[in-house]
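Here the structure is laid out as structure tokens; the discussion comes afterwards.
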Amino acid sequence: MSTLVAEKKKPVARGGRPAPELIFGDLWEFDPAPESADPKLKARYDLFIDGKFVAPKSGKYFDTINPANEQKLAEIALASAADVDAAYAAAQRAFDTTWGKMPGRERAKYLYRIARLLQDRAREFAVAETLDGGKPVKESRDFDVPMAAAHFFYHAGWADKLDYVAPGRRVAPLGVVGQVIPWNFPLLMCAWKLAPALAMGNCVVLKPAETTSITALKLAEIFQDAGLPPGVVNFVTGAGEVGAAVMNHPTPAKVAFTGSTEVGKLIMRSLAGSDKKMTMELGGKAANIVFDDAPLDQAVEGIVNGIFFNQGHVCCAGSRLLVQESVADQVIAKLKNRIRVLRVGDPMDKNTDVGAINSREQLDRIRQLVDVGVREGGEMFQSACRLPTKGFYFRPTIFSGVSMSHRIAREEIFGPVLSILTFRTVDEAIEKANNTAYGLSAGVWTDKGARILKLSTELKAGVVWANTYNKFDPTSPFGGYKESGFGREGGRQGLLDYVKLS
Amino acid sequence: MLARSPQAAFRRLFDEVGSVDHVGIEERVAKYGTRSIKKASKLWGLKTAVSMVDLTTLEGKDTPGKVASLCQKALRPHDDPSIPSTAAVCVYPSMVRHARRVLGSDTAVRIASVATAFPSGQAPLKTRLAEVRAAVADGADEIDMVINRGAFLAGEFAAVQDEIAAVLEACGDATLKVILEVSELETYDAIRAASFLAMRVIREGDFIKTSTGKTSLNATLGNNQVMLEAIRDHYLDTGIAIAMKPAGGIRTAKQALTFLIAVKETLGDAWLNNTRYRFGASSVLNDLVRQIEKEKTGAYQAPYYFSEAAESY
């Protein structure tokens with residue numbers, strides 16, 4: 001692990017007195033406050049095909065672990081090509097016989113029921129999500145699970161209003177769709193992908209990420225409880241090969257992928273020439289731009305929320321801070337004091353702000369890029385918090401003195417690491433913000449409304465947040481420019497990617 | 001002409017001390033409410049909160065008898081000897097001598113008095129200063145003054161500061177608490193600006209205070225946060241540590257703990273004591289004591305086990 005670099009510039013002492021500093025010590029240490037709800041995990045999870053949990057044809061299973069302590073949580077079925085075939089056959093059958101023919105208002109009832117059942121079991125799902133993925137239970141409780149339910153509720157509302165999706169045109173479902181989702185928001189991505197597809201009348205084969213399959217398979221239990229017709233949703237689990245089988249299968253009319261740009265490119269290459277529709281939601285290296293007239297304390301809060309939310313495992317994370325030179329020192333000083341009080345540790349503790357990194361592989365990648373940052377001359381600051389001895393953890397880290405050519409300013413780190421760059425003028429800020437292969441999101445912090453409007457048109461990013469960051473809503477379309485992907489998810493725009501227009 | 005308008009005065013002051021985003025502050029303080037404080041840390045927080053209470057009675061119907069019983073409660077909030085006395089009692093100037101008689105001269109409980117034509121402050125400066133001197137002469141250790149909100153809203157900042165300076169002088173050695181009356185300033189920007197105006201006049205260890213408790217809106221986590229951040233910025237800039245007192249509206253132990261978490265995460269350990277942070281409140285004391293006993297015994301006790309508990313059960 002990279003060594004801690006002390007701050008080079010100490011504040012200058014005045015009049016013989018030591019420079020004033022705040023003490024964030026252990027005078028009032030909080031006792032552990034573990035969330036105690038039962039996640040109701042099974043020892044072994046099978047594939048979910050045609051409404052039933054079925055053993056994989058190969059008979060093989062793999063372990064899923066808790067990244068907070070590296071202990072095994074459950075065994076997950078490893079799907080083979082034959083299982084993927086079976087899943088697609090079930091989906092096609094469901095589309096032809098039940099789901100595709102069902103009136104929208106009937107489909108809506110199922111979606112509402114799923115949303116309500118998810119709310120009923122919210123704590124159980126929150127704990128399961130945190131165990132499997134490492135995110136703080138505070139976030140899975142207050143964000144992931146409620147937002148997943150919100151997506152089902154919102155799209156349930158659309159199911160009987162297909163005539164208004166594209167006024168003047170006829171709207172029909174595509175048929176069967178294949179979906180592959182990432183490990184950063186396992187349940188939420190599941191809801192995010194499934195809800196619009198189902199509302200529009202499609203049937204789905206979905207592959208969760210291999211490190212975080214549990215909540216998807218728990219969601220399958222809810223589908224059973226809700227009486228969702230067999231085959232409407234099928235889950236096949238496993239790693240990259242299974243994902244490739246789902247994407248490359250001849251059955252789906254459309255595939256949707258959320259994950260890294262690297263894998264997204266592979267998928268696009270393999271599907272080139274086919275008539276499959278595609279949507280891709282890929283990486284990001286978002287600029288969070290702070291102007292000198294911004295309310296600085298709130299901007300700092302937004303910076304923290306932008307990069308340390310979900311340990312920075314967020315495709316739209318504000319991983320590049322662009323701060324106007326005249327306030328850079330002030331913002332960095334405030335940011336350091338804010339980071340000092342972030343609580344890093346056991347994700348199951350209700351007071352934890354930053355939890356565990358999702359996997360050893362991801363932790364290695366973060367360490368590697370942080371080492372590159374140090375070697376390239378970035379000035380690193382890390383919070384001094386104690387980390388648990390077992391499990392995958394990384395301290396909240398900021399790099400100042402970064403320039404556009406540094407790798408940590410260009411590559412997606414997907415961890416709690418912030419690169420700080422400065423700018424002098426509005427145009428320079430726009431130029432630097434757009435100087436990236438990505439274009440998923442951006443943040444603007446200023447008291448000037450006109451400037452917000454100017455930047456929101458000139459920034460090449462799918463989402464531009466003004467004086468806030470990482471705000472999501474099912475009604476708001478989300479998606480990227482350039483190598484951050486194409487297609488939109490959420491809102492009316494998101495529905496259009498799951499229908500045939502005629 | 002333009003440069004001398006009240007609006008320009010505000011603009012200059014806001015530019016100088018920085019602005020506050022309402023939505024952002026509300027979001028920040030909402031996070032304090034999600035902190036879960038258990039066991040030993042809860043007990044520490046509750047006891048610390050007791051030691052920070054300025055036990056207050058500010059009613060037209062106050063009598064020497066009422067004040068005497070308030071002082072006894074402040075000295076000994078509960079039979080449990082591990083519960084500390086409160087930081088101070090807070091009374092009208094006419095009651096200071098009665099409080100002093102009960103508390104004596106050698107006591108841990110300080111006497112605070114709301115002088116300066118509390119709560120409106122609408123009396124001639126001469127009268128207000130005379131009131132401060134009288135309270136100090138009668139034995140007040142601390143003076144809670146109100147700022148001239150009329151002057152502040154008219155952009156006459158020098159007048160606001162001059163009056164604070166005059167009161168400060170009248171205080172002598174007594175600690176000064178400057179009440180901004182946040183509900184009459186209305187915006188977070190104005191609260192931050194007024195905090196700086198006051199802090200630039202007062203001494204290390206003097207307080208800024210949210211409110212009189214006599215208007216509709218009193219201490220909230222939001223205005224507490226704005227003032228804590230102002231104190232932090234002033235301290236890092238000048239090295240002068242100003243103390244903070246939210247007053248009014250804090251009725252439950254849970255609320256008090258949430259305010260303390262804000263202190264811990266904004267100003268740090270050096271402010272987690274009653275020389276740097278106080279609660280202007282009365283009913284919160286019994287709830288704090290009730291929660292302390294609950295932590296110790298595992299059960300809530302009936303209100304009649306707590307002295308001066310007026311609420312029914």
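Taken together, the values in this text are just the output of simple stated rules run on the coordinates, not laboratory data. These numbers come from a predicted model, not from an experiment. Reconstructed Cβ throughout: ideal geometry from the backbone, glycine too, with neighbour counts over all protein chains shown.
Normalising the Debye intensity of the range B:206-273 to I(0), with uniform scatterers on Cα atoms only, and taking log10 at q = 0.22 Å⁻¹ returns -0.94.
Return the tail of the calculated pair distribution for the range B:20-91, meaning the percent of Cα-Cα pairs more than 13 Å apart.
On the way: 1871 of 2556 pairs.
Value for the range B:20-91: 73 percent of Cα pairs lie more than 13 Å apart.
Counted over the range B:2-299 with a bin width of 5 Å, the fraction of Cα pairs per bin, in whole percents, is 1, 6, 13, 16, 19, 17, 13, 8, 4, 2, 1, 0, 0, 0.
Considered as an equivalent ellipsoid built on the Cα gyration tensor, the range A:39-182 has semi-axes of 31, 23, 12 Å, the largest given first.
Assuming 0.890 mPa s and 25 °C, estimate D for the range B:100-150 with Stokes-Einstein, Rh taken as the Kirkwood radius over Cα pairs, in µm²/s.
Details: Rh = 11.6 Å.
For the chosen part, D equals 211 µm²/s.
Projecting label points 7 angstrom from Cα along Cα→Cβ for B:Glu26 and A:Ser405 puts them 4.7 nm apart.
With only the Cα atoms considered, the range B:79-189 has a convex hull volume of 127 Å³ per residue.
Hydrodynamic analysis of the range A:269-324 uses the Kirkwood radius over alpha carbon pairs. Inserted into Stokes-Einstein at 20 °C and 1.002 mPa s, it gives a translational diffusion coefficient of 160 µm²/s. Restricting the calculation to Cα atoms, every distinct pair contributes to the Kirkwood radius of the range A:286-405, found to be 15.1 Å. Computed from Cα positions, the angle between helix B:64-75 and the longest principal axis of chain B comes to roughly 80 degrees. Spatial offset of the range A:140-208 relative to the range B:238-313 amounts to 47 Å, using the alpha carbon center of each. Pairs of lysine residues in the range A:287-466 that meet both criteria, 8 or more places apart or on different chains and Cα atoms under 22 Å apart, total 6.
For the range A:443-498, the fraction of C-alpha pairs farther apart than 14 angstrom is 59 percent.
Specify the angular offset, from 0 to 90 degrees and rounded to the nearest 10, of the alpha carbon long axis of helix A:360-375 from the longest principal axis of the alpha carbons in chain A. The angle comes out at about 30 degrees. Compactness of the range B:163-211 is given as radius of gyration and Dmax, 10.9, 33 Å, from Cα positions. The base-10 log of I(q)/I(0) for the range A:181-288, evaluated at q = 0.10, 0.18, 0.21, 0.24 Å⁻¹, reads -0.29, -0.92, -1.23, -1.53 [Debye formula, identical scatterers on Cα atoms, solvent excluded]. The mean number of partner chain beta-carbon atoms within 10 angstrom of a residue's beta-carbon across peptide B:22-33 is 4.
Counting Cβ atoms of other protein chains within 10 Å of each residue's Cβ and taking the mean over peptide B:35-43 gives 5.
Relative to the 2.2 N^0.38 Å rule of thumb, the range B:136-184 has a C-alpha radius of gyration ratio of 1.22. Here chain B is assigned +1 on the Cβ of each Lys and Arg and -1 on the Cβ of each Asp and Glu. Its dipole about the Cα centre then comes out at about 680 debye. Counting Cα-Cα pairs of the range A:117-197 in 5 Å increments starting at 0 gives whole-percent bin shares of 3, 15, 22, 20, 15, 11, 8, 5, 2, 0. Average projection, convex hull of the Cα set of the range A:169-242: 5.3 square nanometres. Rounded to two decimals, the Cα radius of gyration of the protein assembly as shown over 2.2 N^0.38 Å is 1.07.
Scoring B:64-77, A:148-161, A:182-195 by mean Cβ neighbours within 10 Å over their residues and listing the highest first yields A:182-195, A:148-161, B:64-77. Helix B:188-199 against the longest principal axis of chain B: what's the angle in degrees, Cα atoms only, rounded to the nearest 10? Taking the Cα atoms of chain B, the angle to B:188-199 is about 90 degrees. Working from label points 7 Å from Cα in the Cα-to-Cβ sense, the B:Ala123 to A:Glu325 distance is 5.6 nm. For the set A:Lys218/B:Lys264; A:Lys161/A:Lys207; B:Lys61/B:Lys209, the pairs lying more than 31 angstrom apart at their alpha carbons are A:Lys218/B:Lys264. What separates the Cα centres of the range A:28-43 and the range B:164-229 is a distance of 41 Å.
Tally the DSSP beta bridges in the protein assembly as shown and give the antiparallel ones as a percent, rounded to 5.
The antiparallel proportion sits near 25 percent.
The fraction of Cα-Cα pairs per 10 angstrom bin, counted from 0 for the range A:359-422, comes to 22, 55, 21, 2 percent, rounded to whole percents.
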